[in-house]
């Protein structure tokens, strides 16, 4: 992943990671940190969607004693302060409240912030890496996400494709998860069988990296080792083959007609793609995310193909 190395080169430039659910944005954020000049500093994570909006500011910026009911009597550092000289990863940054967006913008522009309940300006150097699966451009149009914050967060923007679009990453990720879960569960796995490798490489990853992680974890828990086997992972390749077979059999039965002068196969394939995208949208009652899942496509790719051919 050369783009990770390039993104990591700067010590301070904010990085925005965009991608569908489960594409491994957290893994990329961590890899950026450990390949950056700040790798010796802390790497902390905040899931903005998991914190109530009325508490997000105190989590980010900290608070002074007595700042609000239930506050620690001695006050508390926020994550921006705790991650000094390191990286703070803001997952689901699209869920930040308007107030938190304004404060984060000030920190990105000036390098300073206030704890909740304090008038003392604090200055700190912390790199912000953020991620979201939301359409921030649409949110800006709707007025729910600040334009200026979007451009400050995305000094460097990384678009993470689905795992199906980067099949070369499947085996390295699988081996990484194998080591991770072997250590976690005290198992002695030394590798992945050839049959299991073939299945992993051919599998259509609807759930992206998250699905791969779950499959490897299941295999480590169930398998005896020393190799991770296909039956350990519980992968079912027949379901996908049956779906493709049913789709192909819905084509007209007549033998294709090829005119003497030939024809543009790409255009013909785009016509079939147009029909299936239209059919999926009708089946999903216009819901793009559901239609994309029906066609085993990530949402961003589906939207791009829809705009191009419909």
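Couple of notes before you dig in:
- For segment 2-160, the relative contact order comes to 34 percent (Cα pairs under 8 Å, sequence separation of at least 6).
- The DSSP beta bridges internal to segment 2-160 are antiparallel in roughly 20% of cases.
- Considering only Cα atoms, the convex hull volume of segment 169-215 works out to 67 Å³ per residue.
- Rounded FRET efficiency, nearest 0.05, which uses the C-beta distance separating residue 53 from residue 9 and R0 of 41 Å: 0.75
- Reciprocal mean inverse distance between Cα atoms of segment 2-160 - Kirkwood radius, Å: 15.8
- One chain, two ends: residue 190 and residue 231. Fully extended at 0.36 nm per residue, the span grows by 13.1 nm beyond their Cα-Cα distance.
- Inter-label distance, nm, simple model (7 Å from Cα along the C-beta direction), residue 85/residue 134: 3.4
- Across the chain, the relative contact order, built from alpha-carbon pairs under 8 Å that are at least six residues apart, equals 18 percent.
- Additional length obtainable on full extension of the chain from residue 264 to residue 180, 0.36 nm per residue less Cα span: 25.4 nm
- Extents of segment 252-309, taken as max minus min of Cα coordinates on every principal axis and listed largest first, are 41, 23, 15 Å.
- Overall form of segment 109-206 per C-alpha gyration tensor (a/c, 1.5; a/b vs b/c): oblate
- Modelled this way, with points 7 Å down the Cα-to-C-beta line, the labels at residue 218 and residue 39 are 3.5 nm from one another.
- Restricting attention to the chain, close to 20% of DSSP beta bridges with both partner residues there are antiparallel.
- Note on residue 271 and residue 210: with the Förster distance fixed at 25 Å, the Cβ-Cβ geometry gives a FRET efficiency of about 0.15.
- Kirkwood hydrodynamic radius of segment 47-115, Cα pairs, Å: 12.4
- Measuring spread by the Cα atoms of the chain yields a radius of gyration and Dmax of 23.6, 85 Å.
- Take the Cβ atoms of residue 141 and residue 201, set R0 to 41 Å, and the FRET efficiency comes out at 0.55.
Readers should treat all values here as calculations from the given coordinates under stated rules, not as data from a laboratory. This one's a predicted model, so the numbers in the text were calculated from it and none came from an experiment. Neighbour counts are summed over all protein chains in view; Cβ atoms, including those assigned to glycine, are modelled from backbone coordinates with ideal geometry.
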